[in-house]
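*Asks:* One structure, pasted below without further comment.
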Amino acid sequence: MRELTALFWAEAEKYQVLPLLGEIATVWGFPKESREQTKFVYYNGTENIASGMIPPIYNRSYSISADLYNPGRSALGLRSGIAGVIVAEASFLGGFSLYVERGRLKHTYSLAGLKLDTIATRDELPDGKVNVRYEFTADRPGVFGTGGTSRLFINGKQQAEAKLEHTVPFRFAAYDVMDIGTDNGLPVVPKFEYAKVLPKYFKGTIEKVEFDLGAAKPSAEDLRRMYLGISSLSCVEAWIASIRWGTDCGRFWRKRKTDEHSDDEQTYFGSSNRGCL
C-alpha cells in the first residue's frame, strides 16, 4: 500500500494533475495554477469577500499597498483624524489586519490563534494623500508555513521591520471573510482598543487596496500534506487553542481591567506577542 501511495503521488506530479479537486481547493487558498492571479485590487466598502476569492498570500512573499487620504485632526479636536481598519481577513483564530491606530500604521498577524505578531510605524501618517504598504518577504517561498520578514512603509519610506518565525500554510478559515475598511465578525486583534475603540468603519478615505503576490509553487510533499489534512499546526492544537481563547474571553468580560484604554499592547487574552498561550 505504501508503494502504491508513493507511486500515485509521483504519477500525479508527473502528469500535472495536482492540485486534486482544484475547484474545491480554492476554499483553502490553492486556486488552479493556470488561473492564478498575482495582482488584486479592491476599493473601499468591499466587504465579506468569500474564501476562494481572497488573495492566496500563503507560503510566498507578498505586499499590500493602500492609497489613503488623511483629513487630519481639526484645530478644535472635534475631528479625530484617520483611524480604523484598512483591510482584514479572518479573525484572532488565524488572520491578519492592516489598520491605523492613534495615527500610526499597524499590522497584526495571528498564527492560528496561537501567537500574535504586531508591527507598528514609528511616525504617524501625514495629512493629505498618503500611500502605506505592508511587505512580507518569505524566507523560503513555496515551503509550507515558511517564516519571513514583515515591513511597513509610509510613502515609500520604511518605518518598521520584524521577523515572523512561522506563517499559516493555507486558508485561515473556510468560513471567514476579508473586508476593506472594516473587520466583520470576530476581530483579528483581540484587544479592547482595536475591537471596541477603533471606529467600525475607516475614518478617512481608502482610494484602493492592492495585493501583489510573489511566486509560490508548493512542492509535491506539501501538496500531499494539504490533501491528507496534515499541517504544521494540527487540528487538535487549533481546537484546543479555540477553547482557551473562548475561556479567556469570558474572563475578560467578567472582569475588565481598569487600564483597558492604555497603549501597553495588552489584549483581551494576554500580551500581543504571545497570544493565548
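*Asks:* (1) assigned to a strand (DSSP E or B); (2) without any contact (Cβ under 8 Å) to a residue 40 or more places away in the chain; (3) closer than 18 Å to Val209 by Cα: which one isn't true of Met53, the others all being true?
*Replies:* All conditions are met except number (1).
*Asks:* Next question, about the same structure. Hey, can you tell me all the residues within the range 83-97 that are more than 13 Å from Ala174 (Cβ to Cβ), surrounded by fewer than 24 Cβ atoms within 10 Å (Cβ to Cβ) and among the aliphatic types (A, V, I, L, M)?
*Replies:* Answer for the range 83-97, where residues must be more than 13 Å from Ala174 (Cβ to Cβ), surrounded by fewer than 24 Cβ atoms within 10 Å (Cβ to Cβ) and among the aliphatic types (A, V, I, L, M): just Ala83.
*Asks:* Among what's in the range 1-26 and is under 23 Å from Asp179 (Cα atoms) and surrounded by fewer than 17 Cβ atoms within 10 Å (Cβ to Cβ), pick the residue that is modelled with the highest pLDDT. Let's see the steps before the verdict.
*Replies:* Kept after step one, since they are under 23 Å from Asp179 (Cα atoms), are these residues of the range 1-26: 23-26.
Within this subset, residues satisfying the condition of being surrounded by fewer than 17 Cβ atoms within 10 Å (Cβ to Cβ) are 23-24.
Details: Glu23: 52, Ile24: 55.
Among those that are under 23 Å from Asp179 (Cα atoms) and surrounded by fewer than 17 Cβ atoms within 10 Å (Cβ to Cβ), it is Ile24.
*Asks:* Still on this structure: Every residue in the range 84-108 that is more than 25 Å from Pro56 (Cβ to Cβ), of a type in the set (Gly, Ala, Ser) and either within 11 Å of the chain's Cα centre (by Cα) or modelled with pLDDT under 95 (or both), please. Spell out the reasoning first.
*Replies:* In the first step, residues of the range 84-108 are kept if they are more than 25 Å from Pro56 (Cβ to Cβ); the result is 84, 100-104.
Next, from what is left, pick out any that are of a type in the set (Gly, Ala, Ser): 84, 103.
Result: Gly103, single match.
*Asks:* Name every residue in the range 115-150 that is polar (S, T, N, Q), in contact (Cβ under 8 Å) with a residue 24 or more places away in the chain and farther than 20 Å from Lys203 by Cβ, in order of residue number. Lay out the reasoning, then the answer.
*Replies:* Taking the range 115-150 as the starting set, the residues that turn out to be polar (S, T, N, Q) are 118, 121, 131, 137, 146, 149-150.
Restricting the remaining residues to those that are in contact (Cβ under 8 Å) with a residue 24 or more places away in the chain gives 118, 121, 131, 137, 146, 150.
Listed by number, the residues that qualify are Thr118, Thr137, Thr146, Ser150.
*Asks:* Starting from the range 5-21, take each residue that is assigned to a loop (DSSP other than H, G, I, E, B) and of a type in the set (A, V, I, L, M) and list its partners that are modelled with pLDDT of 85 or more and exposed (fewer than 10 other Cβ atoms within 10 Å of the Cβ), counting only C-beta distances under 6 angstrom and pairs at least six apart or across chains.
*Replies:* Here the result reads none, with nothing in the range 5-21 linked to a residue that is modelled with pLDDT of 85 or more and exposed (fewer than 10 other Cβ atoms within 10 Å of the Cβ).
*Asks:* A follow-up question, please. Just to confirm my filter: which strands (runs of 3 or more DSSP E) fall fully inside the range 114-218 and include at least 2 residues that are surrounded by fewer than 19 Cβ atoms within 10 Å (Cβ to Cβ)? I'd like the intermediate steps shown before the answer.
*Replies:* Working: elements: 116-124, 128-138, 148-154, 157-164, 178-180, 205-213.
The qualifying strands (runs of 3 or more DSSP E) are 116-124, 128-138, 148-154, 157-164, 205-213.
*Asks:* Of all residues in the range 193-205 being among the aromatic types (Phe, Trp, Tyr) and within 17 Å of Arg104 (Cβ to Cβ), which is modelled with the lowest pLDDT?
*Replies:* Looking only at the range 193-205, we keep the residues that are among the aromatic types (Phe, Trp, Tyr), and these are 194, 201-202.
Then drop every residue that is not within 17 Å of Arg104 (Cβ to Cβ), which leaves 194, 202.
Numbers: Tyr194: 92, Phe202: 96.
So the residue we want is Tyr194.
*Asks:* Something else about it: Among the candidates Gly72, Gly145, Gly77, single out the residue that is at pLDDT below 95 and in contact with a His (Cβ under 8 Å, 6 or more places away or on another chain).
*Replies:* Exactly one residue qualifies, and that residue is Gly145.
*Asks:* Pairs needed: first member in the range 79-105, in a loop (DSSP other than H, G, I, E, B); second member anywhere, among the polar types (S, T, N, Q); C-beta distance under 8 Å; at least 6 residues apart or different chains.
*Replies:* Pairs that qualify, where the first residue is in a loop (DSSP other than H, G, I, E, B) and the partner is among the polar types (S, T, N, Q), are Gly81/Asn70; Ile82/Asn70; Phe92/Ser110; Leu93/Ser110; Leu93/Ser242.
The values are calculated or read from the model by the stated rules, or taken from the named source; none is laboratory data. The structure displayed is predicted, hence computed values, not measured ones. All Cβ positions, even for glycine, are placed from backbone atoms using ideal geometry, and neighbour counts span all protein chains on display.
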